[in-house]
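Colleague: Sending over a structure as structure tokens; questions will come in a sec.
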């Protein structure tokens, strides 16, 4: 006679259930990531704007204003002002590239919201977190591709970083972390917006922050009130950390501040996005 083994206590079954749920979330996130990467290929206009905008700003600032602005940097020979300014401004341009990619993120999220695609996802057996995670991961990859292309343009016109291989790895990791954090804020902007037009304009605020930090001029050259804001806003340690890793300028506490700000921004963006998502799910 066959005897049935006693059923395992619930406490012993929980890890398997938790692992199953985690694998479900990961699988759904990968599916949503694939969808967003396909969306990037099918709508290349958003990607091109993300790249062309920073490239135009780079060429304009270096070749039109670079000679004068570079000569005013501390310890720079006026004869080499343009080359010095290219080195100085490049980290800020990379941050503008990341901020510009946020516009595409907010736009695609808003399109999904206004066209009812997100509402359809909410009725399906899909992890809610994976719907937003797909946007974040896909647009973080897009931002990194844009940064690589803009950096390539900088190298072509004379940007010469002095980073060691380890510093390059640290710089790429820092840029990826910043892109991930900014993308979560952009997702919240896209979900909060009532229209696609509003969603495409809101991230312009993020593009101003490198301008109002140390991206284009030293913060101590700004008026007192603006200098205080530039010193303590998150994009200044972002820029200074990347500048220090790529060019060997003093790092100080900037990497720690940059990582701290990125974590705060990512958590705030995730919480904001999920709050909106859950609120709209119960309607």
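The values are calculated or read from the model by the stated rules, or taken from the named source; none is laboratory data. In this text the structure is predicted, and so the values were computed from the model without any measurement. Here the Cβ positions follow ideal geometry from the backbone for every residue, glycine too, while neighbour counts run over all protein chains shown.
Residue-by-condition table, conditions (1) under 30 Å from residue 247 (Cα atoms); (2) within 17 Å of the chain's Cα centre (by Cα); (3) surrounded by fewer than 18 Cβ atoms within 10 Å (Cβ to Cβ); (4) modelled with pLDDT under 85:
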{"site": "77", "(1), (2), (3), (4)": "yes, no, yes, yes"}
{"site": "97", "(1), (2), (3), (4)": "yes, yes, no, no"}
{"site": "108", "(1), (2), (3), (4)": "no, yes, no, yes"}
{"site": "114", "(1), (2), (3), (4)": "no, no, yes, yes"}
{"site": "119", "(1), (2), (3), (4)": "no, no, yes, yes"}
{"site": "123", "(1), (2), (3), (4)": "no, no, yes, yes"}
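Colleague: Sticking with this one: Please find, within the range 146-167, the residue that is farthest from residue 233 (Cα to Cα) out of those that are in a helix (DSSP H, G or I) and without any contact (Cβ under 8 Å) to a residue 24 or more places away in the chain. Spell out how you get there, then give the answer.
Modeller: As a first pass, look at the range 146-167 and keep what is in a helix (DSSP H, G or I): 146-156, 165-167.
Those left that are additionally without any contact (Cβ under 8 Å) to a residue 24 or more places away in the chain: 148, 152, 155-156, 165-166.
Details: 148: 25, 152: 28, 155: 28, 156: 31, 165: 29, 166: 27 Å.
The residue in question is 156.
Colleague: Next question, about the same structure. Is one or more of the residues making up the range 213-224 in contact with a helix residue (DSSP H, G or I) (Cβ under 8 Å, 6 or more places away or on another chain), in contact (Cβ under 8 Å) with a residue 60 or more places away in the chain, surrounded by fewer than 19 Cβ atoms within 10 Å (Cβ to Cβ) and under 25 Å from residue 144 (Cα atoms)?
Modeller: There is at least one residue in the range 213-224 that is in contact with a helix residue (DSSP H, G or I) (Cβ under 8 Å, 6 or more places away or on another chain), in contact (Cβ under 8 Å) with a residue 60 or more places away in the chain, surrounded by fewer than 19 Cβ atoms within 10 Å (Cβ to Cβ) and under 25 Å from residue 144 (Cα atoms).
Colleague: Just checking, which of 253, 272 is over 23 Å from residue 65 (Cα atoms), over 14 Å from the mean Cα position of the chain (by Cα) and in contact (Cβ under 8 Å) with a residue 40 or more places away in the chain?
Modeller: Values: 253 fails: in contact (Cβ under 8 Å) with a residue 40 or more places away in the chain.
On inspection, the qualifying residue turns out to be 272.
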